[in-house]
Amino acid sequence: MAIREILEVPDSRLKTVSTPVEKFDDELKVLVEDMFETMYDANGIGLAAIQVGVPLRVLVIDLQPEDPDAEPEECTAHGGHSHTHQPLKKEPRIFINPEILDPADEFNVYQEGCLSVPDIYADVERPKTCRVRWKDLEGTVHLEEMEGLMATCIQHEMDHLEGILFIEHLSRLKRNMALKKLEKLRKAA
Ligand code: GNR
Ligand code: NI
């Protein structure tokens, strides 16, 4: 397992249209493992393979819902003072060669972020629900109706497979403001 480098704008590789997986082999399993490790390390809820520079139609998602039954746990991770929070119940999901079917006519607005556009958040409108067909690591086909954050997230990830970033859904004015802000944050860092 390894954490891989996440590509950031304006890296032109993020504009690649990714190609379908044809070989369901050990190399694919290693890619998926590394993608999960990279995503968890970056505190993301989803990751497309192109974000680690691999132009294949592979997505990982973990919305990490809080486990309501779990005991709060002690945490001293962030520089000293101890506090408690609910531990996260991991719910890793793998989507290979995913396709979106029947996007709803009704739209939902969600404030999105992207690991490839760090520290920028903006409202994006997308179909509220959709059906998704995909393959797992064994090549078995699955079909499921998605709603809520999962519908939003999988559509954000599907965009990556077409070389599209969430900021491309914004008006030119808002997109330029976001890119200027990113430039400024980078200079300050
Ligand atoms: O971590 C992420 N959060 C997020 C929030 C709202 C909508 C989509 C996302 S996906 C993003 C991780 C990422 O960049 N995936 O491509
Ligand atoms: Ni993203």
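For the residue pairs Lys15/Lys89; Lys15/Lys184; Lys89/Lys184, the alpha carbons lie more than 25 Å apart in Lys15/Lys89; Lys89/Lys184.
Report the percentage of all Cα-Cα pairs in the chain whose separation exceeds 29 Å, rounded to a whole percent. Present the calculation step by step, with values, prior to reporting the outcome.
On the way: 4627 of 17766 pairs.
Beyond 29 Å sits 26 percent of the P(r) for the chain.
Using a Förster distance of 41 angstrom, determine the FRET efficiency expected from the C-beta separation of Leu101 and Leu185, and round it to 0.05. If you can, show how the numbers build up before the last one.
Numbers: r = 38 Å, r/R0 = 0.93.
Step by step, r from the Cβ atoms, then E = 0.60.
First measure r as the distance between the Cβ atoms of Glu125 and Arg13, then evaluate 1/(1 + (r/R0)^6) with R0 = 25 Å and state the FRET efficiency to the nearest 0.05.
On the way: r = 27 Å, r/R0 = 1.07.
Working from the Cβ atoms, E equals 0.40.
Using a Förster distance of 25 angstrom, determine the FRET efficiency expected from the C-beta separation of Asp25 and Leu63, and round it to 0.05. Intermediate results must be reported in sequence, preceding the final value.
On the way: r = 28 Å, r/R0 = 1.12.
For R0 = 25 Å, the calculated efficiency reads 0.35.
Peptide packing for 116-126, 132-142 was compared via the average number of neighbouring C-beta atoms within 10 Å per residue; ordered from the highest value, the list is 116-126, 132-142. Packing, taken as the mean count of other beta carbons within 10 Å per residue, orders the peptides 182-188, 44-50 from highest to lowest as 44-50, 182-188. Here the gap between Ala42 and Lys89, fully extended at 0.36 nm per residue and compared with their Cα-Cα distance, gives a gain of 15.2 nm.
The numbers here are math on the coordinates, done by the rules we state, and not lab data. Worth saying up front: this structure is predicted, and the values here are computed from it rather than measured. For neighbour counting, all protein chains shown are included, and Cβ atoms are generated from backbone atoms with ideal geometry for every residue, glycine included.
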